Amino acid sequence: MANTTRKTPSNSEPPEGKTAGYFGQLARAYVPPQTYSRVWSPAEGLMKGTVFPELYRPYEPGMRP
Amino acid sequence: MWIYEKKLEYPIRVSYTNPRLAKEIITQYGGPDGELAASLRYLTQRYTMPISQAKAVLTDIGTEELAHMEIVASLVYNLIKGATIDEIKAAGLDDYYADHDKALYFVNAAGAPWVASYIQSKGDPIADLHEDLAAEEKARATYEFLIRLSDDPDVTDTLRFLREREVVHFQRFGETLNLVHEWMDSKKVF
């Protein structure tokens, strides 16, 4: 089964002074794992498209990502 | 196997007949970054995922994309169903009308039919998940272009919902990629 710890494998420790932990390997894409915190109500989540405030990225015409 | 819910995931409303906007939005029905491509891509790739969490995420998101396909179909149909022949001609939808009347068909905004080469199913879970992350961003971008093109606030409201779901799906595929990397690393150790 999957290893659920968020550690860099021991054969690829990041260099001294560099970011330790999960985001340490070159030539890999990472998305930070979401941690469960506050949620909106189901009704508000439906209107917004998500119940998670930290994932809500509304778009206004004219803005660029 | 699926259980069908006899209502849309998100309610839709259109302010008025608007075949021009329908012609643009239909690309999210049968275009390269549309909901048919998304759902079939995920529901096909799931078989070769190495861990159950990845299979589950692809099944869940592929299922939700089917629900989005239904929302887009409802938008397009409601935008064209009341259109006169003159309105259809003025909107440039007469080419489509000649082949399909006001029926739904899988085409992009320029009328090109859906093809399976829009999607890939590589068997390599890292490669497939990167395609899925890209697919979510391309769909998000398309919804932003459609929001800019929309002159109907009710339609824009639904497009905003669909766009936000792409953002959430990107996060879930990213977390899935982490899990698959961890699984592959654990295979190297043991």
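The values are calculated or read from the model by the stated rules, or taken from the named source; none is laboratory data. The model shown is predicted, which means the values in this text are computed figures rather than measured ones. Cβ placement follows ideal geometry from the backbone for every residue including glycine, while neighbour counts extend to all protein chains displayed.
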In segment B:11-41, the residues that are among the aromatic types (Phe, Trp, Tyr) and out of contact with any Phe, Trp or Tyr (no Cβ under 9 Å at 6 or more places or on another chain): B:Tyr16
Set B:Ile88, B:Ile147, B:Ile71: member being assigned to a helix (DSSP H, G or I), closer than 22 Å to B:Leu43 by Cβ and not polar (S, T, N, Q): B:Ile71
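For the condition exposed (fewer than 15 other Cβ atoms within 10 Å of the Cβ) and either within 22 Å of B:Ser150 (Cα to Cα) or more than 14 Å from chain A (Cβ to nearest Cβ) (or both), what is the one hit in B:Pro32, B:Pro11?
Within the list B:Pro32, B:Pro11, the selection yields B:Pro11.
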Answer from B:Thr17, B:Thr48, B:Thr63, B:Thr27 - the residue that is buried (at least 16 other Cβ atoms within 10 Å of the Cβ), polar (S, T, N, Q) and closer than 22 Å to B:His169 by Cβ: B:Thr27
Residues of segment A:12-47 satisfying the condition of being at pLDDT 55 or above, hydrophobic (A, V, I, L, M, F, W, C) and part of a loop (DSSP other than H, G, I, E, B): A:Phe23, A:Leu26, A:Ala27, A:Ala29, A:Val31, A:Val39, A:Trp40
Residue in segment B:121-138 that is buried (at least 22 other Cβ atoms within 10 Å of the Cβ) and of a type in the set (Ser, Thr, Tyr) present: no
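Could you list all residues from segment B:112-144 that are over 19 Å from the mean Cα position of the chain (by Cα) and either among the β-branched types (Val, Ile, Thr) or outside any helix (DSSP H, G or I) (or both)? Quick ask: steps written out before the conclusion?
Narrowing segment B:112-144 to residues over 19 Å from the mean Cα position of the chain (by Cα): B:122-127.
Result: B:Lys122, B:Gly123, B:Asp124, B:Ile126.
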Residue that is nearest to B:Arg20 (Cα to Cα) [pool: residues in segment B:151-177 that are polar (S, T, N, Q) and surrounded by fewer than 21 Cβ atoms within 10 Å (Cβ to Cβ)]: B:Thr156
Residue selected from segment B:101-111 under the condition surrounded by 13 or more Cβ atoms within 10 Å (Cβ to Cβ) and over 16 Å from the mean Cα position of the chain (by Cα), by the criterion farthest from B:Met184 (Cα to Cα): B:Lys102
Residue ID - farthest from the other protein chains (Cβ to nearest Cβ), chosen from residues in segment B:111-147 that are in contact with a Gly (Cβ under 9 Å, 6 or more places away or on another chain) and not polar (S, T, N, Q): B:Pro113
Conditions (1) modelled with pLDDT of 95 or more; (2) within 12 Å of another protein chain (Cβ to nearest Cβ): number failed by B:Asp185: (1)
Test: B:Ala56 is surrounded by fewer than 18 Cβ atoms within 10 Å (Cβ to Cβ) and more than 30 Å from B:Asp128 (Cα to Cα): no
In segment B:161-182, the residues that are of a type in the set (Phe, Trp, Tyr) and at the interface with chain A (Cβ under 7 Å from one of its Cβ atoms): B:Phe161
